[in-house]
Amino acid sequence: NKVDDPPDSDFGTELDNSIEIVGSINDGDITFTTKNAGGIVGHASAGSITYNISRCTITGNEGSNAGGIAGYSNVEVSKSLSVCTITAKACVGGIAGYSNAITECYSLPSISKDTEQKGAIAGKVGELIDACYFLNEDMQAVDGIDYNLKTVPLTMEQMTGSSILPEAYSNFEADDWCIADGEGTYIPQITFISDNDANYISDALRKKSLELTDLTIHINFYDGE
């Protein structure tokens, strides 16, 4: 999907709307040109962003404010997960490029190395970050900073499991998270989505949630170039 750039304004009072984005799933790739691209929402000025899943590729080589869940968010992003590959120039995060608050989220990000202000959770965060986990590779949580006991890097073994939510997610609310029961390797699911009973679409949502949290790792071997 191609993201149309927003107008050159600060989203003044006439455009400010309070929107709750709850229980959304995205697995479609995104391209953008200048700013504010996210797997679930590009720019959020008021409302809440809760219980969302994004597993995609976001590409905006010269763009800024890009995140697996939100590009630029003045509102709290909570109880969401992201497995995303993001290429952008500045302010990039596994959960949000910028967010005023991020709580109870986890991320397995791949972010271009030359990005300025990048983090496994966020490029920048405003007032609050808490109970966030990320894959321990070559990035800190937020622009070179880890927050003691609030942002926790985990190994792949600690992040995955089957049947029982891994002990490493000790700051997660147990009622909000679960993990699939099977022979595969899984990352946690959001109970709101995986156990939903929405009319007409519950089966599709449960199937998609399981598909996106069944972790498959691809390894490429190179000879020279």
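Residue 209 meets the stated requirement of being buried (at least 17 other Cβ atoms within 10 Å of the Cβ), in contact with a helix residue (DSSP H, G or I) (Cβ under 8 Å, 6 or more places away or on another chain), hydroxyl-bearing (Ser, Thr, Tyr) and in contact (Cβ under 8 Å) with a residue 40 or more places away in the chain. Of all residues in segment 125-138, those satisfying the criterion of being touching a Ser or Thr at 6+ places or on another chain (Cβ under 8 Å) and either part of a strand (DSSP E or B) or β-branched (Val, Ile, Thr) (or both) are 125, 126, 128, 129, 130, 131, 132, 133, 134, 135.
Taken over segment 86-99, the criterion of being open to solvent by 10 Å² or more (accessible area, probe 1.4 Å) and at pLDDT 95 or above is satisfied by 98 alone. Quick check on segment 182-194. Is at least one of its residues hydrophobic (A, V, I, L, M, F, W, C), touching a Gly at 6+ places or on another chain (Cβ under 8 Å), in a helix (DSSP H, G or I) and open to solvent by less than 40 Å² (accessible area, probe 1.4 Å)? Among the residues of segment 182-194, at least one is hydrophobic (A, V, I, L, M, F, W, C), touching a Gly at 6+ places or on another chain (Cβ under 8 Å), in a helix (DSSP H, G or I) and open to solvent by less than 40 Å² (accessible area, probe 1.4 Å), which makes the answer yes. Does residue 111 satisfy the criteria of being among the β-branched types (Val, Ile, Thr) and open to solvent by less than 10 Å² (accessible area, probe 1.4 Å)? The answer is no for residue 111.
Residues considered: 157, 104. Of these, the only one that is more than 13 Å from the chain's Cα centre (by Cα) and either closer than 26 Å to residue 217 by Cβ or in a strand (DSSP E or B) (or both) is 157. Remark: pairs (first residue in segment 39-64, modelled with pLDDT of 95 or more and assigned to a strand (DSSP E or B); second residue open to solvent by less than 30 Å² (accessible area, probe 1.4 Å) and hydroxyl-bearing (Ser, Thr, Tyr); Cβ separation under 6 Å; 6+ apart in sequence or on different chains) = 50/78; 54/82. Scanning segment 212-225 for residues that are assigned to a loop (DSSP other than H, G, I, E, B) and out of contact with any helix residue (DSSP H, G or I) (no Cβ under 9 Å at 6 or more places or on another chain) gives 216, 218, 219, 220, 221, 222, 223, 224, 225.
Applying the criterion of being loosely packed, with under 15 Cβ neighbours inside 10 Å, assigned to a loop (DSSP other than H, G, I, E, B) and in contact with a Gly (Cβ under 7 Å, 6 or more places away or on another chain) to the residues of segment 1-38, the residue that is modelled with the lowest pLDDT is 1.
All of (1) modelled with pLDDT under 95; (2) under 22 Å from residue 56 (Cβ atoms) hold for residue 104 with one exception: (1). When the residues of segment 151-167 are filtered to those that are touching a residue at least 24 places away in the same chain (Cβ under 8 Å) and farther than 18 Å from residue 214 by Cα, the one that is surrounded by the most Cβ atoms within 10 Å (Cβ to Cβ) is 151.
The values are calculated or read from the model by the stated rules, or taken from the named source; none is laboratory data. Treat the numbers as computed from the prediction; the structure is a model and nothing was measured. Note that each Cβ is placed from the backbone with ideal geometry, even for glycine, and that neighbours are counted across all protein chains shown. Heavy atoms of the whole protein, side chains included, go into the accessibility calculation; ligands, DNA and RNA do not. Shrake-Rupley method; radii C 1.70, N 1.55, O 1.52, S 1.80 Å.
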